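The values are calculated or read from the model by the stated rules, or taken from the named source; none is laboratory data. Computed from a predicted structure; not experimentally measured. Every residue, glycine among them, receives a Cβ derived from its backbone with ideal geometry; neighbour counts consider all protein chains shown. All accessible areas refer to the heavy atoms of the entire protein, side chains included, with ligands and DNA or RNA removed. Shrake-Rupley method; radii C 1.70, N 1.55, O 1.52, S 1.80 Å.
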Amino acid sequence: MENKSKLNIWAGTGENTLLSNLSVRPFLYDDREYVSVEHAYQTLKSGRFCEDTYKDSRWDVGLIKIKGKLPAFTDDLYNIYLMKDLIHESFEQNPKAKKALLNTGDAVLTHTQDRSIWKTVFPGILTELRKLYGGEEKQ
């Protein structure tokens with residue numbers, strides 16, 4: 001069995017920060033501009049737009065985690081589907097980051113320091129998108 005390399009993504013330790021949700025990758029989503037995937041997720045995770053979270057000026061600093069004012073809505077995996085959609089839109093609108101994801105090749109992506117569902121869900125989303133984007137390039 002092949003031993004694939006592992007690639008951890010964790011902004012706090014500077015590991016592959018371009019792929020992190022905290023990375024400054026401005027993109028439009030539902031006609032609003034977000035600084036990062038995390039900015040969009042924290043603003044929208046409750047299932048409705050949170051003006052206070054969206055307008056928090058600390059987002060402009062980048063590579064910063066700010067907890068949204070409202071709790072995540074998790075029914076029917078809403079929060080996970082939202083995250084996947086936001087990451088996808090961010091990569092689509094930021095070709096340099098999309099290329100960085102593709103350049104990870106077949107490495108096993110990890111998010112080892114996380115202690116929540118995102119420890120496995122986040123790298124799973126990235127792996128799924130990498131496979132999708134790799135297939136697009138071959139067409």
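Consider the range 48-73. How many of its residues are under 20 Å from Trp118 (Cβ atoms) and of a type in the set (D, E, K, R)? Let's see the steps before the verdict.
Let us first name the residues in the range 48-73 that are under 20 Å from Trp118 (Cβ atoms), namely 50, 53, 59, 62-73.
Narrowing further to those that are of a type in the set (D, E, K, R): 65, 67, 69.
Qualifying residue count, the range 48-73: 3.
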Give just the number: which of (1) at pLDDT below 95; (2) in contact with a Lys or Arg (Cβ under 8 Å, 6 or more places away or on another chain); (3) surrounded by 18 or more Cβ atoms within 10 Å (Cβ to Cβ) does Ile66 not satisfy?
(3)
So how many residues does the range 36-75 have that are outside any helix (DSSP H, G or I) and in contact with a strand residue (DSSP E or B) (Cβ under 9 Å, 6 or more places away or on another chain)?
2
Positions within the range 109-139 being open to solvent by 60 Å² or more (accessible area, probe 1.4 Å), among the hydrophobic types (A, V, I, L, M, F, W, C) and in a helix (DSSP H, G or I), in sequence order:
Leu132
Restricting the range 31-47 to residues that are open to solvent by 40 Å² or more (accessible area, probe 1.4 Å) and touching a residue at least 12 places away in the same chain (Cβ under 8 Å), the one nearest to Asp114 (Cα to Cα) turns out to be Gly47
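Only one of Leu82, Leu102, Leu129 is modelled with pLDDT of 95 or more and more than 17 Å from Tyr41 (Cβ to Cβ). Can you tell me which? Step through it out loud before you land on a result.
Values: Leu82 fails: more than 17 Å from Tyr41 (Cβ to Cβ); Leu129 fails: more than 17 Å from Tyr41 (Cβ to Cβ).
Answer to the selection: Leu102.
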